[in-house]
Amino acid sequence: MDKWIGKVAVVTGVSSGIGEETCRQLVKHGMIVVGFARKEHRLQELKKELKDNFYYVKVDLCSEKNILDAFQWVKVTLKSIDVLINNAGVLKLTDIFGDTQDWKLMFDTNVIGLNICSREAVKLMKEMEIKEGHIINVNSITGHYIMSGMKDFSVYGSTKFSVTALSEYLREFMSMENLPIRVTSISPGFVDTKMIEKFKFEDNTVLQTIDIADAIVYALSAPKRVNVAEIILRPLFDNMLHIVNSS
């Protein structure tokens, strides 16, 4: 990770969970980190913990204006962006006959917001003529496999299938444009975060946030010639029958 010391990383969805732990690990490795999230009090708490190498911008990823303003702040204040971690995500338990507003919230956050962030990051990376950049999308195994018998994950899973496709197309575009920007999709199984607090899990059936942050560091650490395209992380025992709905 020495090559990233002093480089700028933007991480979305940092108010808790994977995003919060990722900020800790990147700062630990010497990066300057900008956190995007909606909950300003959590951003302030993280700032107190991580101090000078952490900045934040209050951002609602459902608002394109918010996103554009945030990247403009990064450009003006830090004069660079080298890494983007698209981590923010929303899970609403609903099926394909469910509530339209739940569908819209998930697609606006998980797909459209993610893609706007990627677009703006690439624009800045090209403008700043960076020598090496990296975009990492925190995806999900639900973006690779149909969760048979779990209809309430059907729309969420559809958003993550979109992330899988967008990651591949973005990677292809970077290659076609001969841009030194790698693209990685990291797809974990269930992770012990607030997103899944409605469920109870048996031992060894759920991942921890540090597991995903470590995977992000691994992808970033690869030599420039290596693009770690996809990482799938599963708990030791990930049979969906181990999950008990507690609601």
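The values are calculated or read from the model by the stated rules, or taken from the named source; none is laboratory data. Keep in mind the model is a prediction, meaning the values are calculated, not measured. Methodologically, a virtual Cβ is constructed for each residue, glycine included, from the backbone with ideal geometry; neighbour enumeration extends over all protein chains shown. Ligands, DNA and RNA are excluded from the accessible area calculation, which covers all protein heavy atoms including side chains. Shrake-Rupley method; radii C 1.70, N 1.55, O 1.52, S 1.80 Å.
Side notes on the structure shown:
- Just one of the numbered conditions (1) modelled with pLDDT of 95 or more; (2) in contact with a strand residue (DSSP E or B) (Cβ under 8 Å, 6 or more places away or on another chain) is not true of S15: (1).
- Condition met for G113 (touching a residue at least 24 places away in the same chain (Cβ under 8 Å) and part of a helix (DSSP H, G or I)): yes
- One residue from L50, L61, L105 being closer than 25 Å to T164 by Cβ, touching a helix residue (DSSP H, G or I) at 6+ places or on another chain (Cβ under 8 Å) and modelled with pLDDT of 95 or more: L61
- Residues of the stretch 41-61 classified as within 20 Å of V76 (Cβ to Cβ), touching a Phe, Trp or Tyr at 6+ places or on another chain (Cβ under 9 Å) and open to solvent by 60 Å² or more (accessible area, probe 1.4 Å), total: 4
- Flag if E129 is of a type outside the set (A, V, I, L, M) and assigned to a helix (DSSP H, G or I): no
- Taking the criterion of being over 29 Å from G133 (Cβ atoms) and open to solvent by less than 70 Å² (accessible area, probe 1.4 Å), the residues of the stretch 94-118 that qualify are T94, D95, G98, D102, L105.
- Residues in the stretch 228-247 that are farther than 13 Å from I186 by Cβ and either modelled with pLDDT of 60 or more or assigned to a loop (DSSP other than H, G, I, E, B) (or both): P235, L236, F237, D238, N239, I243, S246, S247.
- Counting the residues of the stretch 133-174 that are outside any helix (DSSP H, G or I), crowded, with 17+ Cβ neighbours inside 10 Å and in contact (Cβ under 8 Å) with a residue 60 or more places away in the chain gives 3.
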